[in-house]
Amino acid sequence: MLHGIFTFVIDTIAGLFAGFLLLRFWMQVQRVRPPMGLAQSIFQLTDWLVHPIRRIIPGFAGYDWASLIAAFFVALISTLADFLVVSQVSLPVLALLALFKMLQWILYGLMALLVLEAVFSWVNPHAPFAPFIRTLNEPILSPIRKLLPPLGGIDFSPMVALILLQVLNRLLMELLPRLLLI
């Protein structure tokens, strides 16, 4: 029971921190400026890890890879903490598990952004964060909107995107045990 509580706390803290790192990378990819308060929070929380990595691995092709690499390191440390008490795990298996954890965090983050956009559209579409969230979701929703335009004034693309992300998450969870057996 104690191990379960320890794992839950570590995974929660690591997931939130990695979420900020992944959001930092995604904002940079989308070239979107967050509202000032959010930007300050994200950068203050993540700069201590991103800046040292950026000195070793500079940006490439217009992207700051240090944030993404930092998120992988957080996933690696979180996965190591999960297995440290239970059993010994080889480094390649540990890296693979960390990669799957990070991919899962990415999917959960995209789902959260879609839910936020849906809430903003129902409650207050003109809220200060609404355009920021809309811009972050645009690469996911625009291909779906091309295939499924709004019907009767209702945009079903966020729902379709959530279903697709859930399917990807389930495929990921089904694929992981099979890869570990190889």
Out of the residues in region 21-56 that are farther than 17 Å from ILE133 by Cα and among the aliphatic types (A, V, I, L, M), which is modelled with the lowest pLDDT? ILE56
For region 114-128, how many residues are farther than 12 Å from LEU165 by Cα and either of a type in the set (Phe, Trp, Tyr) or touching a Leu at 6+ places or on another chain (Cβ under 6 Å) (or both)? 2
Is region 11-25 home to any residue that is touching a residue at least 24 places away in the same chain (Cβ under 8 Å), surrounded by 14 or more Cβ atoms within 10 Å (Cβ to Cβ), assigned to a helix (DSSP H, G or I) and of a type in the set (Asp, Glu)? yes
Verdict on GLN44 being under 14 Å from the mean Cα position of the chain (by Cα) and either exposed (fewer than 12 other Cβ atoms within 10 Å of the Cβ) or over 18 Å from TYR108 (Cβ atoms) (or both): no
Starting from region 167-182, take each residue that is under 21 Å from PRO92 (Cα atoms) and list its partners that are aromatic (Phe, Trp, Tyr), counting only C-beta distances under 8 angstrom and pairs at least six apart or across chains. LEU172/PHE100; LEU176/PHE100
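Could you please give the count of residues in region 26-35 that are of a type outside the set (A, V, I, L, M, F, W, C) and assigned to a helix (DSSP H, G or I)? I'd like the intermediate steps shown before the answer.
Step one: of region 26-35, the residues of a type outside the set (A, V, I, L, M, F, W, C) are 28, 30-31, 33-35.
Still in the running and assigned to a helix (DSSP H, G or I): 28, 30.
Residues meeting the conditions: 2.
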Checked GLY59, GLY4 against criteria (within 21 Å of TRP105 (Cβ to Cβ), of a type outside the set (A, V, I, L, M, F, W, C) and modelled with pLDDT under 95); the one match is GLY4
Considering only region 26-40, state which residues are more than 18 Å from PRO139 (Cβ to Cβ) and touching a residue at least 12 places away in the same chain (Cβ under 8 Å). PRO35, LEU38
When LYS146 is evaluated against the numbered criteria (1) over 14 Å from the mean Cα position of the chain (by Cα); (2) in a helix (DSSP H, G or I); (3) surrounded by 12 or more Cβ atoms within 10 Å (Cβ to Cβ), which criterion, by number, is the only one it fails? (3)
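Is it true that GLY4 is part of a helix (DSSP H, G or I) and surrounded by fewer than 15 Cβ atoms within 10 Å (Cβ to Cβ)?
Yes: the conditions hold for GLY4.
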When you scan region 73-108, how many residues do you find that are surrounded by 20 or more Cβ atoms within 10 Å (Cβ to Cβ) and either of a type in the set (Gly, Ala, Ser) or without any contact (Cβ under 8 Å) to a residue 60 or more places away in the chain (or both)? 5
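The values are calculated or read from the model by the stated rules, or taken from the named source; none is laboratory data. Source: prediction; values computed, not measured. Note that we place each Cβ from the backbone using ideal geometry, even for glycine, and neighbour counts take in every protein chain shown.
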